[in-house]
Amino acid sequence: MKGKITFTMIKPDATGKNLTGKILSKITEAGFTIRALKMTRLSKEQAEGFYAVHKDKPFFADLVKFITSGPVVAAILEKENAVESFRELIGATNPANAAEGTIRKLYASSVQENAIHGSDSDENAQIESNYFFSQLERF
Ligand code: CMP
């Protein structure tokens, strides 16, 4: 059965362009309910932990540098079939390949500075949610 929860993080390129409000509006207009929300800035160690699955990729060091370059806005979102539905809303990782109307098509500038993260599986949605939020921070 598909899960109802996904995790997202608005990245420093988008927070730096003051796009947080517009992006959260797109998310709630698409039918997602915000169950947890925080603005924070990741340390190098926290970023390396969050993206540990990519640690052997050639872009890892640049990714950590970018994601720690400014604040991020992390959230837990609820909707039926949340992971797949959210990935449709944000569009392809590379904004050049993202469909019209998606958040990355609208607001991302490159494969690295791609405005927003979305979990790629129900399992990772749980892991990533737990990485950012305690039980007391969820509603
Ligand atoms: P995200 O969905 O947060 O998951 C991993 C991130 O790595 C991805 O978004 C991109 O920001 C980044 N990424 C993926 N592929 C590349 C690439 N080829 N070059 C640079 N960054 C990448």
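Report the paramagnetic label zone for residue 1: residues of segment 69-94 whose backbone N is under 12 Å from a point 7 Å from Cα along the Cα-to-Cβ axis. Correct set: 81.
If R0 is taken as 41 Å, the Cβ-Cβ distance between residue 55 and residue 80 corresponds to a FRET efficiency of 0.80.
Here the chain is treated as a sphere whose radius is the Kirkwood value from Cα pairs; by Stokes-Einstein at 4 °C and 1.567 mPa s it diffuses with a coefficient of 87 µm²/s.
Looking at segment 54-136, the GluC sites (Glu not before Pro) that sit in a DSSP loop and have at most 14 other Cβ atoms within 10 Å of their own Cβ are 80, 100. Structure remark: mean-square fluctuation, Gaussian network model of the chain, C-alpha springs under 10 Å; the largest value among 25, 69, 121 belongs to 25. Pairs of Cα atoms nearer than 8 Å and 6+ residues apart set the relative contact order; for the chain it is 38 percent.
Net charge dipole, the chain: roughly 360 debye, given to the nearest 20, about the Cα centre with Cβ charges of +1 for Lys and Arg and -1 for Asp and Glu. Approximating the spin labels as points 7 Å out from Cα along Cα→Cβ, the residue 22-to-residue 88 distance works out to 2.4 nm.
Throughout, read-outs are computed from the coordinates displayed, never taken from laboratory work. For clarity, every value in this text was computed on a predicted model and none was experimentally measured. A quick note on method: Cβ atoms are made from the backbone with ideal geometry, for glycine too, and the neighbour counts reach across all protein chains shown.
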